[in-house]
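First comes the structure, then the notes that go with it.
The values are calculated or read from the model by the stated rules, or taken from the named source; none is laboratory data. The structure presented is a predicted model; accordingly, all values stated were derived computationally and were not measured. Glycine also receives a Cβ, built like all others from the backbone with ideal geometry; neighbour counts cover every protein chain displayed. All accessible areas refer to the heavy atoms of the entire protein, side chains included, with ligands and DNA or RNA removed. Shrake-Rupley method; radii C 1.70, N 1.55, O 1.52, S 1.80 Å.
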Amino acid sequence: MSENIYGPIITGSITVLFIWLLITGFRNGKMEWPYFGITLSGRRMEEPFRFWAVASLLALLIVLALLGTVGQIVWPRGI
């Protein structure tokens, strides 16, 4: 397989993972991002700042991964 094919598939699946984490966090009222060694988390009612900080981090990662996916599709050989 060419990297023009599997590159967008990998970054697209990472984007879907971050979207799933964001939606699950809003549904449960507990936003968490599991990471090696530590887990960033915050509850909406008890720790609103941490909740929105983790939500903002996930939103930033979603935007960056989405831009990377679209960039690989639009410019397969680079800019």
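Remarks
- Span from the region 61-79 Cα centroid across to the region 3-33 one, whole angstrom: 15
- Accessible surface, per residue, of the chain when the full set of protein chains is kept, probe 1.4 Å, Å²: 75
- Spin-label pair Tyr35-Asn4: with each label point 7 Å from Cα along the Cα-Cβ axis, the two points sit 3.6 nm from one another.
- Whole-percent carbon and sulfur share, accessible surface of region 19-79, 1.4 Å: 68
- Rel. contact order, % - alpha carbon contacts under 8 angstrom, at least six apart, the chain: 36
- Base-10 log of normalised Debye intensity for the chain (one unit scatterer per alpha-carbon) at q = 0.16, 0.20, 0.22 Å⁻¹: -0.63, -0.82, -0.92
- Of Leu17, Leu57, Leu67, the order by accessible heavy-atom surface (1.4 Å probe, DNA, RNA and ligands excluded), from most exposed downward, is Leu67, Leu17, Leu57.
- Using just its DSSP H runs of length 4 or more, each adding -39500 (n - 2.57), the chain gives a mean residue ellipticity at 222 nm of -24000 deg cm²/dmol after division by all residues.
- Of Pro76, Leu61, Met45, farthest towards positive along the dipole that unit charges on Lys, Arg, Asp, Glu beta carbons give the chain: Met45
- When +1 charges are put on Lys and Arg Cβ atoms and -1 charges on Asp and Glu Cβ atoms, the dipole computed for the chain relative to its Cα centre reaches about 140 debye.
- Sequentially through region 41-50, phi angles give Karplus couplings (6.51, -1.76, 1.60; θ = phi - 60°) of 8, x, 8, 5, 7, 8, 9, x, 5, 5 Hz, Gly and Pro residues having no value and appearing as x.
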